[in-house]
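The values are calculated or read from the model by the stated rules, or taken from the named source; none is laboratory data. What you see is a predicted model, and the numbers here were worked out from it, not measured in a lab. Note that we place each Cβ from the backbone using ideal geometry, even for glycine, and neighbour counts take in every protein chain shown.
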Amino acid sequence: MTDRGYQTIPALMLKDTGYAPLIHGDNEVFTLEDAAELCDALEEVVTVWKEGMDAFGLETQEECAGKSYGSIMLMRLAFNDLRKAIPPSSREEADAFIRELANSFKPLSRSYARTPMLAQWYASLPMRVSEAYNRLRGPR
């Protein structure tokens, strides 16, 4: 990040971080530890996005970031429930958490509508979480 707060596309996408394998390429979240790290990555994505928006002097990103952090926390709890043989959260509750996550990432995606690659990437992150959750939950 420069001293003005502006981000490059690779920086916004965390391409040069330890999170890159979790949020780019094949979805290789196969353990609950990987899922927790995926949630960490999503929080970092939101933080970097918010800092990028701050650089433009905007204010709406505060509320959007708060909603995103909250939905990520709900997903953490849903993943944590999978440590039990019969998860306390029903499949329907988990699906609602995933929908909430997707909705909370829409403003991130829309903010870069003029940069389709970046907008599509932001929109794809909740799908990665959904795939990981469904894989880890299995048929139970």
| request: Given the conditions (1) over 20 Å from SER109 (Cα atoms); (2) surrounded by 13 or more Cβ atoms within 10 Å (Cβ to Cβ), report the number of the one that LEU42 does not fulfil. | output: (1)
| request: Quick one: count up the residues across the range 79-93 that are free of Cβ contacts under 8 Å to residues at least 24 places away in the same chain, of a type outside the set (Ser, Thr, Tyr) and out of contact with any helix residue (DSSP H, G or I) (no Cβ under 6 Å at 6 or more places or on another chain). | output: 4
| said: I want to confirm something. Restricting to the range 16-30 and keeping residues that are more than 19 Å from GLN120 (Cβ to Cβ) and in contact (Cβ under 8 Å) with a residue 12 or more places away in the chain, which single residue is surrounded by the fewest Cβ atoms within 10 Å (Cβ to Cβ)? | reply: PHE30
| task | Could you tell me whether any residue of the range 1-10 is closer than 23 Å to GLY138 by Cα and in a loop (DSSP other than H, G, I, E, B)? | result | no
| Identity of the residue in the range 107-140, charged (D, E, K, R) and exposed (fewer than 15 other Cβ atoms within 10 Å of the Cβ), that ends up nearest to ASP40 (Cα to Cα) | GLU131
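How about the range 48-77: which of its residues are of a type in the set (Val, Ile, Thr) and closer than 28 Å to ARG137 by Cα?
ILE72
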| message | Could you go through the range 66-77 and let me know if any residue there is closer than 21 Å to TYR19 by Cβ, aliphatic (A, V, I, L, M) and more than 11 Å from the chain's Cα centre (by Cα). | response | yes
| task | State which residue pairs qualify: first residue more than 30 Å from THR31 (Cβ to Cβ) and inside the range 51-78, second residue among the charged types (D, E, K, R) and at pLDDT below 95 in any location, beta carbons under 7 Å apart, and separation of 6 or more residues or different chains. | result | ALA55/ARG4; GLN61/LYS50; GLN61/ASP54
| Flag if ALA94 is within 16 Å of VAL129 (Cβ to Cβ) and crowded, with 18+ Cβ neighbours inside 10 Å | yes
| In the range 68-91, which residues are surrounded by 19 or more Cβ atoms within 10 Å (Cβ to Cβ) and touching a Cys at 6+ places or on another chain (Cβ under 9 Å)? | ILE72, MET75, PHE79
